[in-house]
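Input: a single structure, listed below in C-alpha cells.
Since every read-out is calculated from the coordinates, none of them should be taken as a lab result. On a predicted model such as this, the values are computed, not experimentally measured, just so you know. Ideal geometry is used to build each Cβ from the backbone, glycine not excepted, and the neighbour counts take in all protein chains shown.
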Amino acid sequence: MDSEFIAAVITGAILAGMPLLFTALGETISEQAGVLNIGLEGMMLFGAYGGFVVANWSGSSWLGFLAALVAGMAVSLLMVVFCVRMGRDQIVVGIAILLAMEGLTSLLHDVQYGHSYPRLDAVPTVSIPGLSKIPVVGSSLFDQPLIFYVGIALIFVVGWVLYKSNLGLNIRAAGWKPVALDNAGVDVLKIRTIAVLSTGALAGLGGGYLAIVTAGIFVPFMTGGMGFIAIVIAMLGRGRPVWVLIGSLLFGIALSIATALQLVGVQISTDLINMLPFVAVIVALALFARQSYLPAALALPFERGKR
Amino acid sequence: MAPVSHQGDEEGGRGLTTAPAHPGHQTGDDGSSRDVAIQLCGITKVFPGVRANDCVNLVVRRGEVHCLLGENGAGKSTLMNVLAGIYLPEEGTIRVDGRDCEISCPRDSIDLGIGMVHQHSSLIPNFTVLDNLMLGQGEGIRLSVKKAQGGLARLATMLGVEVDPNVEVAQLSLGQQQQVEIIKALWQGSKVLILDEPTSMLTPKGIEDLEHVLLHLKEEGLAVVFITHKLHEAFAIGDCVSVLRQGRLEGTIDNETMKRSAPAELQSMVVNLMFPGEAESLANVAELRDVSELGRTTRAARIGEPLLELAGVTVPGRHGEIGIEEPFSLVVHASEVVGVAGVDGNGQRPLAEAIAGQRHISAGDIKLAGTSMRRLSIGARQHLGLRYVTDDRLGEGIVGALSVAINMVSKRIGTKPFWIHGRTRPAAISAHARSLVDEYNIMTPTIETSAGSLSGGNIQKVVVARELAFDPKVVVFNKPTYGLDVKTTSAVRARVRELADAGGAGALVISTDLEELLFLCDRVAVLSRGRLMGVVENKPGAEQEIGALMIGGSHSE
Amino acid sequence: MPEAIHVGTPTWLRWAKGFWRHAAPVVYGLIAGGVLLLILGKNPLSFYWTTLESGLFTWSGLMQTIIRLAPLLLMSAGFIVAFQAGLWNIGGDGQFLMAAAVVGGLGAWMVGAMPFWLALALLCLIGFLVGGAWTIVPSTLKAYYGMNEIITSLMMAYLGINLANYLIKGPFLTDVGFVPQTNVIPFDFLLPYLPGTRIHVGIIIALVVLGIVHYMQTRTGYGLRLRILGANPKAAKHAGINVKRDIMSSFALSGALIGLAAAVEVLGVWGYVRADWNPAFGMTLFAIVFLAGLNVMVVIPFVFFFAVIQIGGHEAARMAGLPNDFLLLLVGLILFFMVLTEWARVKAALSGRHKAGGAGVADEDKAVANGQ
C-alpha cells in the first residue's frame, strides 16, 4: 500500500484517537466506580475551550493543558455535587451538563473572539532518537508532542491504579457492590468523588488535546460526539486500559480517514465519511454488546442503610 | 427470684439483669468472670412512621453468645446496624469496654473492634476471597497481598476452616462464603462478632460447622451476638437470650436461668415475651417449636390427577448461579402440596422461573394438566392456570409506584372485565381490588395507595391475593413467608393449605425453611447443587432423611 | 409535619403548588441567565422583554410561535411515549432529519402526481414511517441485548444527520438551480392555513395527536403496559408483558411521532429541505419534556413557553449580539435548578430521618413522587 497513505492513517489515528484515549480512560475510572457521565462531551468541550484560551493567551501549550485539566475537573464537580453527594439521577444531570457546556462554550467563544478563529502554533514535538527514523511509521509514532507520551504512560498508570492499588480496589468495589465497600469501613462517596474528578480532569485533557494539538483552533461544538464515542469505548473496554487504547485508535481511524483518503485522491462524499465513526460504533456495539459487562451498581446512587 | 428481667425492673428503668455501679469487670452468679464488651443504653431509632427500636438496653459479654430473638420486623437487625454504624440512633448511648463511644459510620464501628456479618452477603461475588478481605484495609497505596494472605491463614486456622484465597467468591458454597464473611468481620482484631440470621443459608451440617466455629471464638474470648427468629436455635446456640418485640426489649434470660430451667419452662418464658397473651393461639406456629416435634398435620388427603409435570428439566443458571444441572422430574397432583427443600442458591430461582416461563429450559418438558408449556409465553401459562408467587416481591412481584388496585390486575391487562376492546374500566378494577383487600385483610389506606408504601407483609398479601384469584390450577410459591411477621406468615400458610384442600389445586412450595415445609407439604423434594436428590414422604423421620439428602449433594460444607 | 398534600387542601391551593413546583426551576434558571447577561454587559430586562414581545405580545410573533409549536408538540408527544416506557429517546434529531429529508425529497414529485391533499396525507404518513423505522437499530439493541438506548439512539442521530445531508445532496438534489436542497413544493400546495391567519393546520394535527397520546396513556391497556414497563421492567416481564415487543413498539411509535413532526414542519413551513439544515429541537426539547414530567397537560404550556423563548429569544439574541446557543445554556441552567428544587423538596419531606452519611433521600424520592 502507499506508504504516504499508511503514514496519514497512523497520524490521523493518533490525532483523533488521543483525545478519545484520555477521555475514555477517564470514563473507565468513573464507570468502574459506578458513575455514568452522559455529560462527558460537556467536560471535553469546556476543557477544550479553557485549554485553548489559556494556550492562546500565554503562548504555552503546557499551561493550556493544565487549564484544560482544571476546566474539565470543574465541570465534573457538578456531577460530584448533584449525583454523588445529592444522589440525583445521573442521566438528567449529564444532559444538563451537556446542554449547559455546549451553550456556555459557544457563548464564551462568541464573546471572546466574535467570528474570528485564532490559530495556535503547532505544538513542539519530541522525537525519540533512532525510533523516529523508522520508515513510514517512525515520524508518525515517535515524533509527537510530549503530551502524547504522557497519554501513553497514562494507560499504564490507570491500569496499575485500578488493579494494583488500594484505591483501585475500592473504586471497583464502589461500582460492583457499594454496600460491601461501605461495610468494610470505606467512605463510598469519597471514593466516587475521587473517581469522578479524575474523569473530569482526563476528559478536560482530552478536550485540550483536541483543541491544542489536533485542531489548533476552537470551534463551538467541535467535539462532535467524541464524548459519547468515549463512553462507548469505555463500556467496550470493560475496565481494561489496553482495550481502551485499541478502541480509541480504531475510532480515531474512523474519525480521521477522510483526510487520508483525500491524500490518496479517493473521492467520497464527506457526509458518508462522517457517518463512518458512528456506523463503527453501532457495529461494535451490535457485535460486542453481549459481552460488555458493566459494573452492577452503574448509574445507581449510593445511600447507606437504604431500606 | 426473677429469672427474667423486664424493662423497668431495676432502679432508673435501665433493665439490666444485674445493675453494676459502673460497667466493666462483672462477676456472674455462676462464678466465672465475664467482662462486659458492649453496653447499649436506651437506644431509640426512628424511621418515618415507625419506631424500629424503642429505648433498648443490651449487655454483651465476652466469651458468650448472646442471642437476639424476635420475629421478623421486631427491630433486631436495626439495633445491630446501629452498633455497626449504619444507622444513627435518635437517642441512647453505646459503651464499649466501659467507655462511651460515638459510632457514626461503619469505620468507627470497625475501629472499635466490632465486626458484623450481615444478613445479605457483603462480599463482592466476582472478586476473589483475597480481594474481598483486602477491601478497606488501605495502608499505603499498594495492595498488600502478602500481608493479606498471612492474615487469612492465621484466622482460618483459628476458626478451624480452610479457604482458598484466590478463588472467586461466586464459586464458593454459601457456607464457605459465610466463613469468609466471618473472617472478614474478625480481620482487624475484632472483639465482638455480630451474626445476622446466619443459619438461613446453611444445611444442617453447615449449621453444625458454624456452631463449632462459635465455640472456638468463645474460647478466644470474643463476644458474639447472634440474631435469629427461631426459638430452638436461640436455645441451642445461645448462652443468654434477649427478646425484642416491636422495637422494644421485652426481656433478657440470663445464662444462669438458661442453665437452670427445663426446656419447656424456657420455651413458655420466651413465648410469653414474644407474644404476650397470645401463647395459646400460636401453639402451632412452626418457628416456636422444635423441629423434631413437627409432624404432618392430618389432612383430608385426596390426591387427584397430575397437574404439574416436570420431566427431565434442566435450566441454565445465570451469572454464575447454580441452575438445574441434572434432569429434574417431579409431579404435583391436584389437592397436593409438594415442597422443594434446599439451601438458598442451589437452583430454586431457576426452577421457579422455568416453570413460570421467565426462563428457558435447556432440556425436558413442563406440562400443565397434560398440556406442554414449553412453547408457551408467560402470559399463556397464566391463562392455563399456572400462578407464580415470586420471592422477589419488591423487585418483580409488585410495581411499587402503581396503586394496589392496578397491581391486583397487573397480570390480566387487556382482558375482560377490566378492559373492553383495550379500553380501561376503572370501576371494575376498583371493585375487584376492594373485594380482594377485604378477603385477604390487606392493610392499606385506600386501594389507590401505591403498593410500594405498604408493609412487607401486606405487599405479600397483595401478591398472594392476585395469584390466587381466577381459579388457579397450580401455584408455585417461592419462599412465600421469608421475612414476614408471624401473623402474616400464618395467614399465607393457611392460604396454601386451603388452596390444596378446598380448592383442589396443586401447590409447589419452594422454601429454605425446613419447618415450613414439614408443616405444609405432603411430600418434599430435596434440591442440592442443582440436582434433585430425592423426594421424601412427610412422615415421622422425614427431617433426618431430608437432612441426609441435602448433605449428600454438597461437596464440602 | 411533612409537606404532604392533605385531603382538605382547597383545589386552588393544590393547583398553585403544582404550578410552582414546575415553574420554580424555570424562574430560577431565567434569573441565573439574567445574571449571566449582566456579567456579559447586556441588559437582562430588555433581553427578556424583547423575547416576550417578539414571541408573544405581537400578533406576528405569536403566530410564529404557534407555527413553531406544531412540530415541537409532536416531538414532545414522541418523547413522552418513549419516556413512559422507560426509554430515553435522545436521538430524536436523527429521526426528525431522516423523515424531513425523505418528505422533502419526495414532496414536490408527489404533489405533482396526485390531488395535493392526498399527497400531503401520504407524505405525513411517510414521515411517520421513516421516523419510526429509524428507531429499529437502537430499539432492537435495547430489547434483545439490553444495550443502553441513550448511546445507541444518539449515535443513530449523528448517523441520520449525515445520511440526510447525503440524500439531499445526492438522490434528492433539486434539478432546479444550484442551491443544495430538494425540489420545492409550490406554495399553494403546502398545508392550508387556519382561516384568517398564517398559521398552518399542523398545529391542529399536533393537538389532536397529543390528545390521542394522552388517552392512550391513561385509558388503555397498552398505556398501562408501557407504564409498568417504564416503572419496573422486571415486574413487567413477571406480569407476562412481552417486554421485547413493547420496547420496540413504544420506541417505534416515539420515532414515528417525531417523524410526523418533521413532515408537518416541512409541509407547513418550508416546502423543501436544504442541506445542512438542522433545527436541532431534540436535545433541548427532551429536557423540557423531562422537566414537565410525563403529564401531557403540563407539557403543553411548557412547550408553548419554550416556543416563545425560541422565537422571541432568537430576535433578542440577535439584538443583543449574542449567539443563539445562549438558549442551550439557559435550558441547561433550568435543568440544574430542577434537580435542585426536586432535591430540596424531597429533603423537606424527610422530616428528621437520620442517616450516617450517604445521600439520604433516595427512598423519599419515591414517596414524594407518589404523594404529588
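Quick notes
- Spin-label model, B:A380 to B:Q171: label points 7 Å out along the Cα-to-beta-carbon direction sit 4.0 nm apart.
- Checked against a 26 Å cut-off, the cross-linked pairs A:K190/C:K347; A:K164/B:K184; B:K184/C:K237; B:K76/C:K237; B:K411/B:K461; A:K164/B:K191 give Cα-Cα distances beyond that limit for B:K184/C:K237; B:K76/C:K237; A:K164/B:K191.
- Farthest toward the positive end of the dipole of chain B, out of B:A84, B:A156, B:V169, is the Cα of B:V169, where the dipole comes from beta carbon charges about the Cα centre.
- Distance (nanometres) between label positions extended 7 Å along Cα→Cβ at B:D438 and A:I6: 8.6 nm
- Rounded to 5, percent antiparallel among DSSP beta bridges of chain B: 55 percent
- Inter-site label distance for B:Q188 and B:K259 at 7 Å from Cα along Cβ, in nm: 3.5 nm
- Global form of chain C, assessed from the alpha-carbon gyration tensor, a/c cut-off 1.5: oblate
- Remark: the protein assembly as shown carries a charge dipole of roughly 2540 debye about the Cα centre, counting +1 on each Lys and Arg Cβ and -1 on each Asp and Glu Cβ.
- Residue-wise HN-Hα coupling along region A:57-66, computed from phi with Karplus coefficients 6.51, -1.76, 1.60 (Hz; x: Gly, Pro): 6, 8, x, 10, 6, 5, 5, x, 4, 4
- Choice from C:R198, C:R219, C:R68 showing the highest fluctuation, given a GNM over chain C with Cα pairs closer than 10 Å: C:R219
- Positive end of the dipole of the protein assembly as shown (Cβ unit charges, origin at the Cα centre): among C:A133, B:V224, C:G86, the Cα lying farthest that way belongs to C:A133.
- Among B:H120, B:H212, sorting on how many other beta-carbon atoms sit within 10 Å of each Cβ, with the fewest leading, yields B:H120, B:H212.
- Placing +1 on the Cβ of every Lys and Arg and -1 on the Cβ of every Asp and Glu, with no other charges, gives region B:411-557 a dipole of roughly 780 debye about its Cα centre.
- Signed unit charges on C-beta, dipole axis of region C:71-305, positive-most listed residue C:L74, C:A119, C:F189: C:L74
- Per-residue Cβ neighbour rank within 10 angstrom, fewest leading, B:V50, B:V163: B:V50, B:V163
- Counting Cβ atoms of other protein chains within 10 Å of each residue's Cβ and taking the mean over peptide A:228-238 gives 2.
- Exposure proxy ranking for A:W57, C:W12, B:W419, C:W343, based on other Cβ atoms within 10 angstrom of each Cβ and starting from the fewest, stands as C:W12, A:W57, C:W343, B:W419.
- Between C:V273 and C:T182, the built amide H atoms are under 5 Å apart, and every one of these is 5 or more places off in sequence or on another chain.
- Less than 5 angstrom separates the built amide H of B:E91 from those of B:T44, all sequence-distant by 5 or more or on a different chain.
- Over chain B, DSSP H runs of length four or greater, each weighted -39,500 (n - 2.57), average out per residue to a 222 nm ellipticity of -9000 deg cm²/dmol.
- Förster radius 30 Å - calculated FRET efficiency between B:K218 and B:E90 (Cβ-Cβ, nearest 0.05): 0.35
- Structure remark: mean-square fluctuation, Gaussian network model of chain C, C-alpha springs under 10 Å; the largest value among C:A236, C:A349, C:A252 belongs to C:A349.
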